[in-house]
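The values are calculated or read from the model by the stated rules, or taken from the named source; none is laboratory data. On a predicted model such as this, the values are computed, not experimentally measured, just so you know. Don't worry about glycine lacking a Cβ; one is built from the backbone with ideal geometry, like all the others, and counts go over all protein chains shown. The area values use the complete protein model at the heavy-atom level, side chains included, leaving out ligands, DNA and RNA. Shrake-Rupley method; radii C 1.70, N 1.55, O 1.52, S 1.80 Å.
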Amino acid sequence: MAIQKKTTPRCCFCGRNDKEADLIAGNYGYICTDCALTLTNIVGANTMQPKPAAKQTFNEPLPKPTDIKQYLDQYVIGQDEAKKFLSVAVYNHYKRISQQNTSDDVEIEKSNIILVGTTGTGKTLLARTIAKKLHVPFTIVDATVLTEAGYVGEDIESILTRLLQVADYDVKAAERGIVFIDEIDKIARKGDNPSITRDVSGEGVQQGLLKLLEGSVVNVPPQGGRKHPDQKMIAVNTQNILFICGGAFDGIEKKIAQRLNTHVVGFGAINTRNNIDNTNLLQYIAPQDLKAFGLIPEIIGRLPILTHLDPLDRTALRRILTEPKNSIIKQYIKLFAMDNVELKFDDEVLDYIVDKAIEFKLGARGLRSIVETIMTDAMFEVPSANIDTLTITVDYARQKLGKMALKNL
């Protein structure tokens, strides 16, 4: 007959026996009361405590419009008119939130913004920089993925879901945030002719955006996705959320030109035509041009501040390369400095990069793609090489871009 040796009960965590501590028996072993209390504190700290609120600085003095514009000047080159419109709109919006007297009968309504400009002119950068200045939750949403409720694609409420995620699901913080809706021109109506089929990704999305832009309480699925009856919803009031919409509106210059020509009649027709700058028709944009492009009047009325971004000329592109705090050249210099390599660019190289960006017509985004093409081989070889300084010449840049052009043939 085999004799089984009796084992002493011990805590699975600290190893103390029943004589050294009070043990609690479980299905697979024991745990002492001290370890159980420690685990309770650890779990409680992670799950039971409220999540920290997003950083806000509304207790501090709100920056004036001139201060906001000066901050934007450090990151965005040019676009002075758009910066002025944005600075005033954002200042009035947050002044309305923090200083509005609720006992007064005068209720200040919010002013959402729509930015019109070709690709690479800085629409997204302007909105992101302003959010950084004010330390408020900020999210970028692409309007091209949105569809009318019930159809394949994302519901309108997914915009607020992303804002909640950025704010760590702090509803109070999210309700004072900024939402940048990019590619707003892609949800334009497909045509003025009535159709038997629904425009679920165009006019249907515009109608769904109305309640968000104007301000209402919206039930948002916490994890995004489709709504279902038994799902818990988060109520978000959009009245104090600032919406900034941006779009290239490719081809709207034709609508502007048609409108300007209709007004050019009478004896002053020649003088009026001479005063129009045909190289930059976006500066004459008006709400009726957006309506002609395909935005419904209701959504235009909820975007009262309309401004444009000028196309980037050669001088602006040259400044974008080197002047901003986060300029492309400064980023690459810092990357190489991490490998203890001093990176230098000849002035002729910078002029060559700008010329190519103008040739490709990609705006500021084209600058990065060109510099990346030039620097890829150097970034691959330099970390393994024993060098202290690297100078990029115009011949080297032409060689790398020429090699890329041959690959694309």
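Got a number for carbon plus sulfur as a percent of the range 274-409's accessible area, 1.4 Å probe?
51 percent
Mind checking the dipole of the range 239-369: about its Cα centre, +1 per Lys or Arg Cβ, -1 per Asp or Glu Cβ, Debye to the nearest 20?
The calculation lands at about 440 debye.
Which residues does the label zone of Ile234 cover in the range 128-148, counting backbone N under 15 Å from a point 7 Å along Cα→Cβ?
137-140
Taking 0.36 nm per residue of separation and subtracting the Cα-Cα distance, what length does fully extending Glu183 through Lys254 add?
23.7 nm
Take each of the peptides 82-89, 371-378, average the number of other beta-carbon atoms within 10 Å over its residues, and list them starting from the highest.
Descending packing order for the listed peptides: 82-89, 371-378.
Ranked from highest to lowest mean number of other Cβ atoms within 10 Å per residue, what is the order of the peptides 30-39, 72-81?
Put in order of decreasing packing, that is 72-81, 30-39.
Could you pull out every one of the aspartates and glutamates with an alpha carbon less than 20 Å from that of Lys83, ignoring same-chain neighbours closer than 8 positions?
Excluding near neighbours in sequence, the set is Asp67, Asp73, Asp182, Glu183, Asp310, Asp313, Glu323.
Starting from the Cα of Ile276, move 7 Å in the Cα-to-Cβ direction to define the label point; list residues of the range 233-262 whose amide nitrogen is under 11 Å from there.
254-262
What list of ³J(HN,Hα) couplings, whole Hz, do you get for the range 383-393 from phi and the Karplus terms 6.51, -1.76, 1.60, once you set θ to phi - 60° and write x for glycine and proline?
Using θ = phi - 60°, the values come out as x, 8, 8, 9, 10, 10, 9, 9, 10, 8, 9 Hz.
When only the heavy atoms of the protein chains count and the probe is 1.4 Å, how do Glu148, Glu154 rank by accessible area, highest first?
Glu154, Glu148
Too long at a 32 Å Cα-Cα cut-off: which of Lys69/Lys400; Lys254/Lys344; Lys325/Lys400?
Check vs 32 Å cut-off fails for Lys69/Lys400; Lys254/Lys344.
Please list, in order along the range 29-37, the HN-Hα scalar couplings obtained from phi with the Karplus expression 6.51 cos²θ - 1.76 cosθ + 1.60 (θ = phi - 60°), rounded to whole Hz, x for Gly and Pro.
Whole-Hz 3J(HN,Hα) from phi for the range 29-37: x, 10, 9, 7, 5, 5, 5, 4, 5.
Step through the residues of the range 81-87 one at a time and calculate ³J(HN,Hα) from phi using the Karplus curve (6.51 cos²θ - 1.76 cosθ + 1.60, θ = phi - 60°), rounding each to whole Hz and writing x for Gly and Pro.
Rounded to whole hertz, the list is 5, 5, 4, 5, 4, 5, 4.
Tell me, what is the per residue accessible area of the range 271-332 in Å², probe radius 1.4 Å?
Here the residues of the range 271-332 average 51 Å² of exposed surface.
Any chance you could run the full-extension gain for Val88 through Leu401? It's 0.36 nm times the residue separation minus the Cα-Cα distance, nm to one decimal.
Answer, rounded to one decimal: 108.4 nm.
Starting from 0.36 nm per residue, how many nanometres of slack lie between Gln74 and Ser98 once their C-alpha separation is accounted for? Intermediate results must be reported in sequence, preceding the final value.
Working: separation 24, 0.36 × 24 = 8.64 nm, distance 2.66 nm.
Going from the current span to full extension adds 6.0 nm.
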